[in-house]
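The values are calculated or read from the model by the stated rules, or taken from the named source; none is laboratory data. Because the structure is a prediction, the values reported are computed rather than measured. FYI the Cβ positions are ideal-geometry reconstructions off the backbone, even for glycines, and counts take in every protein chain you see.
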Amino acid sequence: MKIRGAKPFGSLALLGVAALVISGCAAGNTGAPTQSESAAPELPATAWTRADAAKVKDGGTLTLAVGSLPVQFNTSQVDGNESDTTSIMAPTTGGPFKIKEDGTPVVDENYAASAEVTSDDPQVVEIKLNPEAKWEDGSPITVKDYVAYWKAQNGTNKAYTPASTAGWEDVSSVEQGTDEFDVKITFSKVYADWQAMFTGGLLPESISSDPAAYNDGYRTKAVPSSGPFKISKIDTTGQVVTLERNPQWWGETPKLETVLFRAVSQDQQGASFANSELDALYISANADLYQTAKTRSDAKIETSGGTTWTHVTMNAKKGPLADVNVRKAVEAIVNREQIAASANTPVDAPAITQGDFIFMPGQNGYEDKAPKTDTKKAAEYLKEAGYEGSEGKSWTKDGTPLKLSVTVPADTATNIQRSEQVQADLNAFGIPVTLDTVPAATYFSDYVIPGNFEMVSFSWVGTPFPISSSEALYYPIDSESNFTGTTDEKLGDLYDKSNSELDPAKRIEIAKEINDVIWNYMPMFPIAPLPNVYAVKDGLVNWGATQFETIDWTIVGWAAE
């Protein structure tokens with residue numbers, strides 16, 4: 001599943017019911033993903049079959065699965081920043097930057113002729129828009145759209161509820177240059193990750209200038225397209241979103257005629273793929289799906305590096321987990337290595353843990369500083385918190401037993417498996433844990449987002465811009481993507497320093513300080529990075545397993561015979 005938090009590359013996102021997305025930082029300031037000493041055995045950054053446009057059939061349909069239909073089609077708004085929604089909207093949007101296989105941003109000439117910093121003090125970014133680029137109704141994409149979007153995204157107007165204000169809150173003005181296709185963005189302070197702001201998500205002026213339209217106008221209908229496809233039908237009865245070629249698209253005509261996104265619960269996706277109802281299957285670390293996918297004779301398995309990382313988030317607003325020593329004890333008890341192994345080895349992927357709150361294993365800057373499993377240390381933490389007991393026995397404070405719960409989305413096998421392992425570790429130590437199963441469709445809206453839980457374990461999706469995009473997860477305490485109910489005020493200054501530092505090496509050092517602060521107050525703890533494992537029908541090209549690369553939806557399709 002996916003969780004809110006980020007848009008494609010521009011932010012962190014939630015994976016449906018099981019994972020979130022986050023805003024990103026500039027790849028140019030963090031370095032392209034590279035294998036580090038602590039990284040997993042190398043996997044390709046992109047594992048799909050490549051084919052030139054001339055070798056792709058003209059026409060055809062691609063049928064993909066999502067866990068559920070969107071509750072909000074505006075991915076810039078907090079409720080729309082789920083990765084299932086992002087996947088559905090990706091063929092309908094784009095921006096001045098796209099991401100290459102190695103994780104670095106480059107100008108997408110469909111949307112801009114150039115995009116560059118033209119002044120360092122103050123920082124000014126100038127974007128020369130492609131005059132041919134237009135919205136679904138045929139109106140051109142101009143500076144007016146950027147002005148209105150900035151005002152909706154910068155956090156000054158509380159009538160708007162954006163998923164993230166990263167970058168936009170540091171913009172002092174957006175103005176027209178030589179003409180309506182010349183956008184000049186002036187920053188109030190240096191923002192190192194400015195490229196992450198322009199990878200997608202822009203809205204027409206008519207939407208951005210109206211809080212009601214922005215927040216609630218696109219919960220049951222699609223945001224106007226600015227990409228090669230448009231949403232032509234949202235079938236809530238059949239649970240299918242249909243995308244067709246966008247007649248206003250100015251670029252190369254897409255090879256596919258139709259893209260279908262079917263809402264299929266995770267526990268049914270394997271059967272749907274095996275029955276040829278789907279053309280691809282996201283396997284992640286689901287061993288049952290892996291085995292099911294291998295039974296299909298006309299499909300293959302693709303595995304690339306991934307940006308999804310699992311974790312346990314703890315609610316520090318109330319109850320036992322309000323005490324940092326109890327949170328540290330939980331982290332010290334849970335066997336992260338065992339969870340990683342049980343998740344990845346059954347799908348023939350390397351089993352490694354995640355020990356960094358910002359960078360993914362393999363990215364420049366990654367450093368594993370996670371405390372190792374240590375039940376003796378956990379007992380010390382609990383005693384510091386005022387509990388009495390011993391390992392394997394019950395723990396009490398003022399006569400009240402210590403017990404916890406994990407809120408779990410129904411029909412989400414990987415989430416359930418991970419939660420059961422957390423439960424088993426804590427139970428064995430003497431902390432009883434219950435699993436509270438809730439509907440997957442309302443897991444985030446009714447439980448995660450309002451803080452109606454003690455512990456949850458979904459996944460965050462990282463981006464090529466990892467530093468600034470991570471801020472909303474931890475700071476400030478009332479960030480739309482901080483579900484922990486706590487923060488450390490030192491993070492504000494540290495993120496300000498990192499986001500205004502243009503020297504890549506210095507930025508990484510500041511990021512390491514940020515990591516140290518987060519480990520100290522332990523609002524959550526990462527468990528493992530998940531490789532991207534897909535089963536895809538034979539003949540599908542230019543789509544599949546990838547770590548960072550932007551999908552070019554004009555050449556996705558079926559190989560010509």
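Give me a count of the residues in region 250-287 that are over 27 Å from the mean Cα position of the chain (by Cα) and either closer than 20 Å to residue 234 by Cβ or assigned to a helix (DSSP H, G or I) (or both). Show your work before the answer.
First, pick out the residues of region 250-287 that are over 27 Å from the mean Cα position of the chain (by Cα): 250-253, 255, 257, 274-276.
If we keep only those that are either closer than 20 Å to residue 234 by Cβ or assigned to a helix (DSSP H, G or I) (or both) too, we end up with 257, 274.
Final tally of qualifying residues: 2.
For (1) surrounded by fewer than 19 Cβ atoms within 10 Å (Cβ to Cβ); (2) small (Gly, Ala, Ser); (3) closer than 15 Å to residue 174 by Cα, each residue gets a yes or a no:
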position	(1), (2), (3)
94	no, yes, no
116	yes, no, yes
121	yes, no, no
129	no, no, yes
133	no, yes, no
142	no, no, yes
148	no, yes, yes
Checklist outcome for this item: residue 305: passes all of (1) more than 30 Å from residue 397 (Cα to Cα); (2) in a loop (DSSP other than H, G, I, E, B) but (2)
Checklist entry - Restricted to region 154-203, and to residues that are touching a Leu at 6+ places or on another chain (Cβ under 7 Å) and assigned to a loop (DSSP other than H, G, I, E, B), which residue is farthest from residue 133 (Cα to Cα)? => result 190
Checklist entry - Going by the structure shown, is residue 442 hydroxyl-bearing (Ser, Thr, Tyr), more than 21 Å from residue 319 (Cα to Cα) and not in a loop (DSSP other than H, G, I, E, B)? => result yes
Next on the checklist: Of everything in region 167-195, what is surrounded by 20 or more Cβ atoms within 10 Å (Cβ to Cβ), farther than 15 Å from residue 467 by Cα and not aromatic (Phe, Trp, Tyr)? Give them in sequence order.
Outcome noted: 170, 171, 174, 183, 185
Checklist entry - Of all residues in region 362-412, how many are under 16 Å from residue 454 (Cβ atoms) and small (Gly, Ala, Ser)? => result 2
Next on the checklist: For the list (1) among the hydrophobic types (A, V, I, L, M, F, W, C); (2) modelled with pLDDT of 95 or more; (3) surrounded by fewer than 24 Cβ atoms within 10 Å (Cβ to Cβ); (4) closer than 30 Å to residue 493 by Cβ, I need the number of the one condition that residue 213 fails.
Outcome noted: (4)
Checklist entry - Would you pick out the residues in region 352-385 that are more than 28 Å from residue 307 (Cα to Cα) and without any contact (Cβ under 8 Å) to a residue 60 or more places away in the chain? => result 375, 376, 377, 378, 379, 380, 381, 382, 383, 384
Checklist entry - What about residue 221, is it under 16 Å from residue 93 (Cβ atoms), loosely packed, with under 15 Cβ neighbours inside 10 Å and in contact (Cβ under 8 Å) with a residue 12 or more places away in the chain? => result yes
Checklist outcome for this item: Within region 264-292, of all residues that are within 19 Å of residue 350 (Cα to Cα) and in contact with a helix residue (DSSP H, G or I) (Cβ under 7 Å, 6 or more places away or on another chain), the one surrounded by the fewest Cβ atoms within 10 Å (Cβ to Cβ) is 288
Checklist outcome for this item: Scanning region 136-157 for residues that are among the polar types (S, T, N, Q) and touching an Asp or Glu at 6+ places or on another chain (Cβ under 6 Å), the one nearest to residue 479 (Cα to Cα) turns out to be 154
Checklist entry - Take the residues of region 112-132 that are touching a strand residue (DSSP E or B) at 6+ places or on another chain (Cβ under 7 Å), of a type outside the set (S, T, N, Q) and not in a strand (DSSP E or B): which is modelled with the highest pLDDT? => result 131
